Amino acid sequence: MIPGAAGIPPATRVVIAEDEAIIRLDLKEILLSAGYDVVGETGRGDDAVALVEEHRPDLAILDIKMPGMDGVRAAREITSRQQVAVLVLTAFSQRDLIEDARDAGVAAYLVKPFRREELLPAIEGVLTKCREDWAIDAEIERLEPGSADGAGRAEDKIETRRVVERAKELLMEHHRLSEPDAFSYIQRTAMQTRARMRDVAQRVVDGELQP
């Protein structure tokens, strides 16, 4: 994100779509108290797509079951148009829909009823994962612009993600870095040395590189 005028990063912007008004209110209160900026809220899936299009938030929280458009379809519409992290809310009886949700670009899900102590870490995890995935996608696009080999690019991303995750674990364990800082170190080193993040991460795993 671009820092604000005072050098402080702006609050993460969120759109909420939940057809149960009480749950929607609880979500909003939790998010606002944690410093998030709720830029839109609705009880309908189709309105959620419109709100995301209008406000360009960092995160959309979608209930799976909503009138107008269900959360899975809304997620597919949203993620096909822009880079937005998506967290879906589901009930125990709806877990069969989770695979469809992942295919629609959903980064994670949370089972209702949830507690604040579950919601906030889930949100941070979703945002971290998506930002890293977008950075990896951008690197692959930069190094392989216009590549028609979709399968090859997907395999490249999976392998990059695997090595980066292992390198992050080592950086967090041995150098006490936070997860975002560990990824930032890998990304920054790759840019400075004009190397792939996957190659930098492999050097970390092999013990050849450390902060």
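No value in this document is a laboratory result; all are computed from the given coordinates. Here the structure is a predicted model, which is why all the values come from computation and not from measurement. All Cβ positions, glycine included, derive from the backbone under ideal geometry; neighbour counts span all protein chains shown.
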Mean separation of Cα pairs under 8 Å and 6+ residues apart, divided by the residue count of the range 13-126: what relative contact order is that in percent?
22 percent
Along the range 197-210, Karplus-curve 3J(HN,Hα) (6.51, -1.76, 1.60; θ = phi - 60°) to the nearest Hz, with x for Gly and Pro, reads 4, 4, 5, 5, 4, 5, 5, 5, 4, 7, x, 8, 9, 8
Along the range 113-121, what does the Karplus equation 6.51 cos²θ - 1.76 cosθ + 1.60 (θ = phi - 60°) give for ³J(HN,Hα), rounded to whole Hz, x for Gly and Pro?
x, 10, 10, 3, 5, 8, 5, 5, x
Table column - 3J(HN,Hα) (Hz), the range 167-182, Karplus curve with 6.51, -1.76, 1.60, x for Gly and Pro
5, 4, 4, 5, 5, 6, 6, 9, 10, 6, 7, 6, 4, x, 5, 5
Surrounding charge for VAL49, neighbours by C-beta under 11 angstrom, Lys/Arg +1, Asp/Glu -1, total -1
Percent relative contact order for the range 144-205, counting Cα pairs under 8 Å at least six residues apart, stands at 38 percent
Counting other C-beta atoms within 10 Å, which of HIS174, HIS55 has the fewest, and how do the rest follow?
HIS174, HIS55
Order by neighbour count: LEU89, LEU32, LEU27, fewest other Cβ atoms within 10 Å first, most last.
LEU32, LEU27, LEU89
For GLU132, GLU77, GLU173, order by how many other beta-carbon atoms lie within 10 Å, fewest first:
GLU173, GLU77, GLU132
Expressed in nm to one decimal, what extension gain is obtained for the pair ASP37 and ASP133 from 0.36 nm per residue of sequence separation less their Cα-Cα distance?
32.3 nm
Taking H as built 1.01 Å from N, whose amide H comes closer than 5 Å to the amide H of GLU41, not counting residues under 5 places away?
ILE16
Lys and Arg at +1, Asp and Glu at -1: add these up for the other residues within a Cβ distance under 9 Å of LEU27 and post the number.
-2
